[in-house]
Amino acid sequence: MREVVVTGYGIVSPIGIGVPEFCRNMFAGESGVSAIRGTLVASNFPVGVAARVPRTRLGQPHTLRNLDSATTPASWRLAGIATEEALASLPAGVIVDAIVYATSDGVSFDLFKDSFRNFAADTFDWDSTRSETCLECIRGILEQRGNGRVSDEAMININNACVSGNQAIGIALGRIRSGQWTRALVGGVDARCNDHNLMNFHLLGALTTAEGMTASRPFSKDRSGFVRGEGAATLILEAREAAEARGAPLLGSVIGYSATSDAHRLTQGREDARGATGAIRLALEDAGCTNEQVSAISAHGTSTLINDALETVAIKKVFGPLAYQIPVISLKSQIGHSTVAAGAMEAVASLLMLREQRLAPTINLKQPDPLCDLDYVPNFSRPAVVDVVLSNNFGFGGQNSCVVFKRASA
């Protein structure tokens, strides 16, 4: 099988627009969580915080300059900016074979739009619910840059809850390994910090009602649910021989992928963490990687009572006593949970830890939980030897997906 490398990436997040700003703020332990009552939602809304990308900082993606920003869907803008940054390392004429992107776009919400309008605040972002997929926006960017036209058959839209970002990476990994594709754009976007989506998760009991910038507290004893986040990340995955032939930068390798299903409850994993445990083992097996070679784990780490405890159990089951020696970090402590985009954004974070030889912190971890007793890199980043990062995503519907990244080698 061909080796698959990452040759470009871009990100739009609550803690930074673009990789340089995101990288700096991630390692500094910045929080992208802010108050939303009276602005994004009504003053009496039950959820008071979210990790939202400031719209005033977005500007216009290059191919959307002829569109009125007031009518451009937020998901298009986030995905477009992340994609243009990723493509900066790709010369015109270098062809992209496929787009595999995790999005929240689709027609299903249109069925409920009119009935929900009666209950929505004036600030509701209807544009974020447009049915046209932002994959068309990404394809338009490729065409304008001279990187080819991707056929409809090679545009894959993933909408599979919280594992979507990892699954987008995994699909492209398999196609490039097998020789079907040479180069693909992968990633994810979610721009749904709005009344409707926040209320859905609140009614499920998944969102925290804690206040302030410290509301997202993965693995902490006082955690009470996740903070809704949003953002976008795009990566270029490429066969190594093709990347080397054009002298592309090697930002890391994607060496393993897995997907499992608990077939359990819709919003809760199995109590024995069997599905998550299997996903971790399968990803490491696919990577040809031993437990001892794992330098760090980018956890799903949502800040919910159930997920964080079950993820800790799964890590212990796979790694045994070695689990206590492997740093585990949760990016969601800083940027909240962007659901379908989470895996793509955490992929960029994992690659930056490999590049910088430094561990991102899990912030707001002030109260140790006896059920979560691993090394979560609490509150402050630290230097480390980082050669292999395991990135976990676990989602509603009992879905589990893991990706393994390796430091770029000459």
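The values are calculated or read from the model by the stated rules, or taken from the named source; none is laboratory data. Quick caveat, the model's predicted, so the values are computed rather than measured. All Cβ positions, glycine included, derive from the backbone under ideal geometry; neighbour counts span all protein chains shown.
Going through Gly256, Gly343, Gly301 one at a time, which residue ends up being in a loop (DSSP other than H, G, I, E, B), touching a helix residue (DSSP H, G or I) at 6+ places or on another chain (Cβ under 6 Å) and crowded, with 20+ Cβ neighbours inside 10 Å? None of the other options fit; the residue is Gly301. Among all residues of segment 269-276, there is none that is surrounded by fewer than 17 Cβ atoms within 10 Å (Cβ to Cβ), in the same structural domain as Val186 (by TED's automatic domain parsing) and either farther than 30 Å from Gly16 by Cα or in contact (Cβ under 8 Å) with a residue 40 or more places away in the chain (or both). Taking the criterion of being in the same structural domain as Glu30 (by TED's automatic domain parsing), hydroxyl-bearing (Ser, Thr, Tyr) and farther than 25 Å from Ile158 by Cβ, would at least one residue in segment 225-243 satisfy it? No, because not a single residue in segment 225-243 is in the same structural domain as Glu30 (by TED's automatic domain parsing), hydroxyl-bearing (Ser, Thr, Tyr) and farther than 25 Å from Ile158 by Cβ. Can you say whether Asn364 is surrounded by fewer than 19 Cβ atoms within 10 Å (Cβ to Cβ) and either over 16 Å from Thr312 (Cβ atoms) or not hydrophobic (A, V, I, L, M, F, W, C) (or both), as far as the supplied structure shows? For Asn364, the condition - surrounded by fewer than 19 Cβ atoms within 10 Å (Cβ to Cβ) and either over 16 Å from Thr312 (Cβ atoms) or not hydrophobic (A, V, I, L, M, F, W, C) (or both) - is not met. For a quick check of your reading of the model, give me the residue pairs whose first member lies in segment 201-220 and is in the same structural domain as Ala309 (by TED's automatic domain parsing) and under 19 Å from Pro361 (Cβ atoms), whose second is at pLDDT below 95 and part of a loop (DSSP other than H, G, I, E, B), with beta-carbon atoms closer than 8 Å and at least 6 apart or on different chains. Listed by first residue and then by second, the contacts come to nothing, as the list is empty. Inside segment 31-42, can you point out the residues that are at pLDDT below 95 and in a loop (DSSP other than H, G, I, E, B)? Those that are at pLDDT below 95 and in a loop (DSSP other than H, G, I, E, B): Gly38, Thr39, Leu40, Ala42.
Please work out if Ser31 is surrounded by 18 or more Cβ atoms within 10 Å (Cβ to Cβ) and either assigned by TED's automatic domain parsing to the domain that holds Ala215 or in contact with a strand residue (DSSP E or B) (Cβ under 6 Å, 6 or more places away or on another chain) (or both). Considered against the rule, which asks whether it is surrounded by 18 or more Cβ atoms within 10 Å (Cβ to Cβ) and either assigned by TED's automatic domain parsing to the domain that holds Ala215 or in contact with a strand residue (DSSP E or B) (Cβ under 6 Å, 6 or more places away or on another chain) (or both), Ser31 comes out as yes. Filtered by the rule that a residue be more than 20 Å from the chain's Cα centre (by Cα) and acidic (Asp, Glu), segment 183-216 gives Asp195, Glu211. Within segment 4-33, residues that are free of Cβ contacts under 8 Å to residues at least 24 places away in the same chain sit with their Cβ atoms under 8 Å from residues that are of a type in the set (D, E, K, R) and part of a helix (DSSP H, G or I), at 6+ positions apart or across chains, in these pairs: Gly16/Arg24. Using the structure shown, decide if Cys162 is hydrophobic (A, V, I, L, M, F, W, C), in contact with a Leu (Cβ under 8 Å, 6 or more places away or on another chain) and not in a loop (DSSP other than H, G, I, E, B). In short, no.
May I ask you to verify whether Ile95 is of a type outside the set (Phe, Trp, Tyr), out of contact with any helix residue (DSSP H, G or I) (no Cβ under 7 Å at 6 or more places or on another chain), assigned to a helix (DSSP H, G or I) and at pLDDT 90 or above? Judged against the criteria, Ile95 is not a match. Given the condition charged (D, E, K, R) and modelled with pLDDT of 95 or more, answer yes or no: does some residue in segment 242-264 qualify? Yes, that holds for at least one residue. Examine segment 204-223 for a residue that is among the aliphatic types (A, V, I, L, M), buried (at least 24 other Cβ atoms within 10 Å of the Cβ) and not in a helix (DSSP H, G or I), and state whether such a residue exists. Yes, segment 204-223 has at least one match. Among the residues of segment 146-170, the ones that are farther than 19 Å from Val6 by Cβ, hydroxyl-bearing (Ser, Thr, Tyr) and within 13 Å of the chain's Cα centre (by Cα) come to 0 in all.
Among residues that are at pLDDT below 80 and not in a helix (DSSP H, G or I), Asp68 is included.
Taking the condition closer than 20 Å to Ile11 by Cβ, in contact with a strand residue (DSSP E or B) (Cβ under 8 Å, 6 or more places away or on another chain) and at pLDDT 95 or above, does Ser298 pass? Yes: the conditions hold for Ser298.
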